[in-house]
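Have a look at the structure below before the remarks.
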Amino acid sequence: MAAWLPAAVSAGAATDRLPVAALTSAATPSSPVDNAAFVPGTDALPASPIVGTLHIAQSAMQAMPALKGPLIGGRDARLFPALSLTLFSDGETLLPLQRGNMMSELPGKGARSYWTVIPQPGRVWREPGDGEWSRAALPLMLVNDTENHAHQGVATFLYRGGEVTALRLQFTQQTAPYLLHQHVIFWGRAATTFTPGGPPDLETQRAAARRELSDRLPTRPWSELEKQFPPGTLAAFGGPLRPQWQVINAVVYRGTLYHQASSTPQGPYPYPLEMRFGVRSVMKSVAAPLALLRLAETYGPYVLDLRIGDHVPGLHPKWGRIRFIDAADMATGFGGLGSITTHPNDPYAGYLEGEYDAWYTAGSTTEKLALINRHLKPYPWEPGTVMRYRDQDYFLLGLAIDGFLKSVRGPQADLWEMLSDEVFKPIGIHHAPAVRTIEPDGARGAIWANAGWYPTLDDQAKIAILLQSGGAHQGQQLLHRSLTTDLLAARGALHIKGDRSRDLSGTAPASSTAAADASSGDNHYRMGFWFPRHIGSASGKAFLLPSMQGSGDNRVTLYPNGIITLQMAKAAELPPGEQARDDDAAATHRVIDRMAPF
């Protein structure tokens, strides 16, 4: 398991930055500290084992800058939620039983926190100057259950026997904000109590954690990738996004995940492989497309031609003609907002109109459907002909796929559970935290297919590798091979500024299966994937590059030379006058082309 562990920092770094006196003090910390305080130093000693439940009290966090609108939907973004974490050590690894899961605040009176928390594996150790105390540290992600906002943080406490100190926590990196509207650093102190004793199946849980960590891709720091190429080859990787808006960058090269450091004002984030990100519309490339490709492998490609209206009751009659693949292509011919001019087409026309925020933050499926029916109307063109970007289309597509799945497998079937069991776990993704609707009766909500996933770099890399492998993993065909191959080749992709409805009148050749013409423009769209255009340096050929993209400039791109890039970013809600990008849109494409010309 040692391969995933963060590198040790300088001797005594944790003790110097957070001495025992600071962690046993009841004083509110005045500022965050260097992130080196949350990993062992080079002179660290083995820790005492720990097994038990850490009960964390709700606590106020400091924010820099101060939050302008901390109350969102009646919940307070300045509060760290009350939680209970079951923790157990395995050598130098600290393992939360709830790792990789979204944990809601425990019931209580008074103000409620805006946040849910995802705990990740951490470390235990002893510092020479700490006496009988051992240290525990773990990554914590502040996330939300009604949007896709994420702050990447760390927490630490001291323990000896059954005694624990308060929890010191700080969140110094984040993916793009939305409802909070600000880029912000949080830090604070939370009171704790500790109940010794682990789950009855503790050894089974330890073994499961070891399997999870051993299933991760081989990982190396960026410096080891740089050594394999002439100086300057990797310069400008991450562009056109400016460095201050990059969270972390990585590539998969020859089966290994190489990652840069994630810079923060408090130094590099110490657990980069544990970071979970609010990737927003990257989810559009995952939930519905992978579900369709899996169901096509299981039941046949006909599932792409099923109609939305047959599986989501109460919609406008036009949805009875709109196929699953039309919604996956953002070509429903529905939406009715913004210009109806399509020469050229504006793919974002009307995107955020029609009480978009009210729809996005509505808790239940019924509320979301009511707002769709109230504001979205049919366009004059047929489904499958014009691309108009709509989150609502993907939400409905997720409901429809889930409805079909229930019709063939029974009422307990669930789209996200199907993907988790039949696609994610076979490729080594053991946890897939994601936002669901919040139903008033407490029933399990519907997974959002438009946003809401909180993956790691490893999770996203494995999905990209599966797609590059034609949907097969270790000899098992998980996704429909020919449909997967067609997708990556952009067959049937719509030019985002085009109008294929003219094909129906015979003014242009029509084909739903032909490859998109890479010479016809800079971007196409198909099944949740964008296809930016790049001219290969070796072939001189124009390639359409399959790319998963989400707000804030989150991108996962697959290249014809087999390399995969992962760019996690926060380029949204920028300060006035701030520029997120340079003019060189192809900067990262050229880096990958230099690594292995295509």
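The values are calculated or read from the model by the stated rules, or taken from the named source; none is laboratory data. Since the structure is predicted, the reported quantities are computational estimates derived from the model, not experimental observations. Note: ideal-geometry Cβ built from the backbone for every residue, glycine included; neighbour counts use all protein chains shown.
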Discussion item. Going by what's in this entry, would residue 326 be described as surrounded by 18 or more Cβ atoms within 10 Å (Cβ to Cβ) and charged (D, E, K, R)?
Written reply: yes
Worksheet item: Of the residues in region 170-200, how many are over 22 Å from residue 32 (Cα atoms), surrounded by fewer than 16 Cβ atoms within 10 Å (Cβ to Cβ) and out of contact with any strand residue (DSSP E or B) (no Cβ under 9 Å at 6 or more places or on another chain)?
Response: 1
Practice prompt. Go through region 288-324 and give me each residue that's of a type in the set (A, V, I, L, M, F, W, C) and assigned to a helix (DSSP H, G or I).
Written response: 288, 290, 291, 292, 293, 295, 296, 303, 304, 308, 319, 324
Practice prompt. Output yes when any residue across region 32-43 is at pLDDT 95 or above, under 27 Å from residue 162 (Cβ atoms), in the same structural domain as residue 205 (by TED's automatic domain parsing) and touching a Leu at 6+ places or on another chain (Cβ under 7 Å), and no when none is.
Written response: yes
Practice prompt. From (1) modelled with pLDDT of 95 or more; (2) touching an Asp or Glu at 6+ places or on another chain (Cβ under 9 Å); (3) under 30 Å from residue 68 (Cα atoms), pick out the condition that doesn't hold for residue 194.
Written response: (3)
Worksheet item: Can you spot a residue in region 451-463 that is farther than 22 Å from residue 99 by Cβ, in the same structural domain as residue 488 (by TED's automatic domain parsing) and more than 12 Å from the chain's Cα centre (by Cα)?
Response: no
Worksheet item: Name the pairs whose Cβ atoms lie under 9 Å apart, with the first residue in region 349-369 and under 14 Å from residue 390 (Cβ atoms), the second crowded, with 17+ Cβ neighbours inside 10 Å and among the hydroxyl-bearing types (Ser, Thr, Tyr), and 6 or more positions between them or separate chains?
Response: 349/389; 351/389; 360/146; 360/178; 368/360; 368/437
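Condition check ((1) part of a strand (DSSP E or B); (2) touching an Asp or Glu at 6+ places or on another chain (Cβ under 9 Å); (3) more than 28 Å from residue 460 (Cα to Cα)) across all residues:
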| site | (1), (2), (3) |
| --- | --- |
| 178 | no, yes, no |
| 183 | no, yes, no |
| 199 | no, no, yes |
| 204 | no, no, no |
| 207 | no, no, no |
| 210 | no, yes, no |
| 217 | no, yes, no |
| 236 | no, yes, no |
Worksheet entry | Counted residues, region 443-489 - those being in contact with a Ser or Thr (Cβ under 6 Å, 6 or more places away or on another chain) and surrounded by fewer than 19 Cβ atoms within 10 Å (Cβ to Cβ) | 2
Item to complete: State yes or no: is residue 351 more than 18 Å from residue 499 (Cβ to Cβ), at pLDDT 95 or above, among the hydroxyl-bearing types (Ser, Thr, Tyr) and in contact with a helix residue (DSSP H, G or I) (Cβ under 9 Å, 6 or more places away or on another chain)?
Response: no
Worksheet entry | Qualifying residue in region 69-90 (condition: over 23 Å from residue 116 (Cβ atoms) and touching a Pro at 6+ places or on another chain (Cβ under 7 Å)) | yes
Practice prompt. Would you check if there is a residue in region 52-60 being touching a Leu at 6+ places or on another chain (Cβ under 7 Å), under 30 Å from residue 575 (Cβ atoms), hydrophobic (A, V, I, L, M, F, W, C) and not in a strand (DSSP E or B)?
Written response: no
Discussion item. I'd like the residue in region 383-430 that is within 26 Å of residue 495 (Cβ to Cβ) and touching a Pro at 6+ places or on another chain (Cβ under 9 Å) and, out of all such residues, is surrounded by the fewest Cβ atoms within 10 Å (Cβ to Cβ).
Written reply: 389
Worksheet item: Within region 275-287, can you find the residues that are of a type in the set (A, V, I, L, M) and not in a helix (DSSP H, G or I)?
Response: 275, 279, 286
Item to complete: For residues that are among the aliphatic types (A, V, I, L, M), outside any loop (DSSP other than H, G, I, E, B) and in contact with a helix residue (DSSP H, G or I) (Cβ under 8 Å, 6 or more places away or on another chain), tally how many sit in region 72-104.
Response: 1
Item to complete: Scan region 105-119 and give yes if some residue there is buried (at least 18 other Cβ atoms within 10 Å of the Cβ), hydroxyl-bearing (Ser, Thr, Tyr), at pLDDT 95 or above and not in a strand (DSSP E or B), otherwise no.
Response: yes
Response to the item:
Filter region 518-539 for residues that are at pLDDT below 70 and loosely packed, with under 15 Cβ neighbours inside 10 Å; the one that is nearest to residue 561 (Cα to Cα) is 519
